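Values quoted throughout were computed directly from the atomic coordinates according to the rules given, and no laboratory measurement underlies them. From a predicted model like this one, the values you see are computed outputs, not experimental measurements. Because the Cβ atoms are built from the backbone with ideal geometry, glycine has one as well, and the counts that use them run over all protein chains shown.
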Amino acid sequence: MKTPTRADLEKMSFDELSELAAELAEEDEAIKKVRHYFIDEFWTRMPHSAAAPGDLKEGELRGASVAGKSLLWAKVDGTVYALSDKCPHRGFPLHHGGKLDGYTLTCAYHGGQFDIRTGACVKHPTETFACERFLARTGADGTIDCEAIRKRD
Amino acid sequence: MPPNMLEYRREQVAQLANDKLEADWQKYMTFSNQRQRLREEVQRMMRKKSAAPRVRSEDIPEGRMTATKVGAREILLAKVAGQIYAIDNACGHSGYPLDKGTLDGFVVTCKWHDAQFDLRSGAVLAPGRAMKPIPRFRVVETADGTLKIGEEL
């Protein structure tokens, strides 16, 4: 489909625009399909580990599947936090290109923002969702106790 | 990457090396965002074509809707029990013009994906996600019977 300019759109009637919108919606289905090949591949390539990462650096985000759960690990001010790695908006892996600024985590997909401590949605263009959060406990030796991972209320 | 990105197959994506996967994902998102902006532009043009420059209260039959514009914004005007209600004409779900939909009591249903809004509060009744309410405006009938859109409520 060739891309019409704004001037082209100005000249079109309501019905022509309506038809174009329908074509674009159909194309969007094809776009979505391929987009999900990529997203599925990101999930496939996420590291699986028997233990949670004990070598997390301050301000670092890491995705790891632990105890059958896809988790996002982050360390801020020496405390390790664990959130569900699935963005509650569109299921995108938060570890993929996600940014951490203080306690605010920004999803790379649509820019949704979450508080890493509580999972609460801080900012989203149209919708608000809380991110599922998990409890992470660090043992004396600095490793994370996977058994202690459980869903918070 | 295939010449037309939409022809990407799942197996091809799965075979990409990590850096190529990332690079193609970025290209793909740029393309996908451009199409999204085009869709929004088409919907905006549909709302523009749908809006009348001046609307008089008596032009709107009871239980019917029409659209007008204020600045760069298109406003839906609806008459229920003799009173005029004004909300943003862009459907909060996808941006199509709401005035092409149906009105049942105080409930506006969008023609395209059946999103529903309450005229009185702007509340989203469907889909059941936590979408932002639709903006509402004050309506003033001027001496010559033309409806003037006031401030956002």
Query raised in the report: Of the residues B:ALA17, B:ALA72, B:ALA123, which exhibits the maximal mean-square fluctuation in a Gaussian network model of chain B defined by a 10 Å Cα contact cut-off?
Result: B:ALA17
Query raised in the report: What percentage of all Cα-Cα pairs in region B:65-136 are separated by more than 18 Å?
Result: 26 percent
Report task. Return the FRET efficiency for the residue pair B:MET5, A:GLU10: r is the Cβ-Cβ distance, R0 is 25 Å, and the value is rounded to the nearest 0.05. Result -> 0.35
Query - Choice from B:GLN12, B:GLN116, B:GLN83 with maximal GNM fluctuation in chain B (Cα, 10 Å cutoff) - result: B:GLN12
Query - Cα gyration tensor category, rounded, prolate or oblate, for region B:5-50 with a/c compared to 1.5 - result: prolate
Requested in this report: Please work out the FRET efficiency for the pair A:HIS48 and A:GLU19, using the Cβ-Cβ distance as r and a Förster radius of 45 Å; give the result to the nearest 0.05.
Outcome: 0.40
Report task. Along each of the three principal axes of the Cα atoms of chain B, give the extent in whole Å, ordering the values from largest to smallest. Result -> 69, 29, 23
Query - Cα→Cβ-extended label distance, 7 Å offset, between B:LEU125 and B:LEU153, nm - result: 1.6 nm
Query raised in the report: What share of the DSSP beta bridges in the protein assembly as shown is antiparallel, in percent to the nearest 5?
Result: 95 percent
**Report entry** Globularity index of the protein assembly as shown, i.e. its alpha-carbon radius of gyration over 2.2 N^0.38 Å
**Finding:** 1.24
Query raised in the report: Which of B:MET65, B:MET29, B:MET45 moves the most in a Gaussian network model of chain B with Cα springs under 10 Å?
Result: B:MET29
